[in-house]
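Notes for the one structure printed next.
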Amino acid sequence: MSNKLIDLVNITKIYDGVTVLDDLNLYIRENEFLTLLGPSGCGKTTTLRILGGFEHPDQGKVIFSGQDITQLAPNKRQLNTVFQKYALFPHMTIAENIAFGLKIKKKSRDYIKDKIRYALKLVNLEGYENRSPDSLSGGQQQRVAIARAIVNEPKVLLLDEPLGALDLKLRQDMQYELIRLKNELGITFIYVTHDQEEALTMSDTIVVMNQGYIQQIGTPEDIYNEPQNAFVADFIGDSNIIDGTMIQDKLVEILGARFQCVDVGFGNNQPVDVVIRPEDVELVSPAEGTIQGKVTHLIFKGVHYEMEVMAGGFEWLVHSTRLYPVGTDVGIRVDPFNIQIMNKPESEDEQAVMMDE
């Protein structure tokens, strides 16, 4: 990865006495696809708006290419924003919509014409110059909004839930489009979403946020396979999060049964959170299982069966390509490498502690 492009330093933002961002520190590299991911109200859109200049932090600085741009107006920043609501002008043609920013910058007609052609080609909408926005599908309108942002040659594209209004198939198509665009344009993408799959599919780096704090920063693989706390584990994909006791290094007790694991350094007889992904739960015959249970629910998901197994007084979520009908007695086994051990938070607030990179 190349150099640091943006540095958010000690950013705090308070609305009506509620702290939305609490001493947030984050840097973004050049040509990175970075996603801010988290539930509603976690502070991700506020972070994006501060970057774009639509909001000013109560404390802290926004550094861009080594310069402090905290108080700079949005149109003076080398950033462009694409919102979920496409905000196209209905009375203008597609070409006029795309040219809007360039006309304000007083670019020549030939320059504007070239740029429109280039941008429409990039977003696969050649020949749409004279159409009106309301004759386009949602996905096409979103691509026009992206084209309009691209022609201004921003160093950074800010995308605020831009695919939220699209149906699933279109959303997936647009995810691939965005990855292709980023690679072709060589610009930095900062993307806001609450959709975990979207974040895992597209990002180089994911920043998981909750209650104004950064919970974890990492690659999609890190975030999924090595969540740093129960919030991240639960938010990224499905997880079984179970109260456990670390008996000693590499041995944990869950629901009265002892499981081998690979974690060390938690001390002896310490309460911990145990995280096991549904696809890592192996169903075997009762005699072969570490713990025994019964299948209570079953849904066919296309790629796998999603089952619920009541074992040890806990409802386990299990994903398997093998079918175990409801009512089947089963054993549960988990490979030691697939058991994640985490310290229990001391309090509610500690669940939202700042995680530094």
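The values are calculated or read from the model by the stated rules, or taken from the named source; none is laboratory data. As the structure is a computational prediction, the values presented were derived from the model and not from experiment. Please note: Cβ atoms are built from the backbone with ideal geometry, for glycine as well, and neighbour counts cover all protein chains shown. For the accessible areas, the whole protein counts, side chains as well, though only heavy atoms, and no ligand, DNA or RNA atoms are used. Shrake-Rupley method; radii C 1.70, N 1.55, O 1.52, S 1.80 Å.
Observations
- Some residue of the range 120-134 being in contact (Cβ under 8 Å) with a residue 60 or more places away in the chain and either touching a Lys or Arg at 6+ places or on another chain (Cβ under 6 Å) or in a helix (DSSP H, G or I) (or both): yes
- Selected residue [open to solvent by 70 Å² or more (accessible area, probe 1.4 Å) and in contact (Cβ under 8 Å) with a residue 24 or more places away in the chain] from Gln84, Gln78, Gln67, Gln71: Gln78
- Test result for Glu253, of a type in the set (Asp, Glu), free of Cβ contacts under 8 Å to residues at least 24 places away in the same chain and touching a strand residue (DSSP E or B) at 6+ places or on another chain (Cβ under 6 Å): yes
- Selection status of Glu184, over 28 Å from Phe314 (Cα atoms) and open to solvent by 50 Å² or more (accessible area, probe 1.4 Å): yes
- The range 1-20 - residue that is aliphatic (A, V, I, L, M) and closer than 15 Å to Gly41 by Cα and, of those, surrounded by the fewest Cβ atoms within 10 Å (Cβ to Cβ): Val18
- Elements of type strands (runs of 3 or more DSSP E) in the range 1-111, at least 1 residues being farther than 29 Å from Leu166 by Cβ and not aromatic (Phe, Trp, Tyr): 4-15, 18-29, 59-64
- Count of the range 279-303 residues which are within 24 Å of Ala233 (Cβ to Cβ), open to solvent by 50 Å² or more (accessible area, probe 1.4 Å) and charged (D, E, K, R): 3
- Of the residues making up the range 109-121, none is open to solvent by 90 Å² or more (accessible area, probe 1.4 Å), in contact with a Pro (Cβ under 8 Å, 6 or more places away or on another chain) and farther than 22 Å from Met174 by Cβ.
- Filter pass, Asp222 being within 32 Å of the chain's Cα centre (by Cα), under 26 Å from Thr201 (Cα atoms), surrounded by 14 or more Cβ atoms within 10 Å (Cβ to Cβ) and at pLDDT 95 or above: no
- Index of the failed condition, Arg77 passing every other in (1) in contact with a Gly (Cβ under 9 Å, 6 or more places away or on another chain); (2) over 14 Å from Leu157 (Cα atoms): (2)
- Selection of the range 304-338 for residues being open to solvent by less than 40 Å² (accessible area, probe 1.4 Å) and of a type in the set (A, V, I, L, M) yields Met307, Val309, Ala311, Leu317, Val318, Val330, Ile332, Val334.
- Counting only strands (runs of 3 or more DSSP E) that sit completely within the range 256-299, zero hold 2 or more residues that are free of Cβ contacts under 8 Å to residues at least 24 places away in the same chain and at negative phi.
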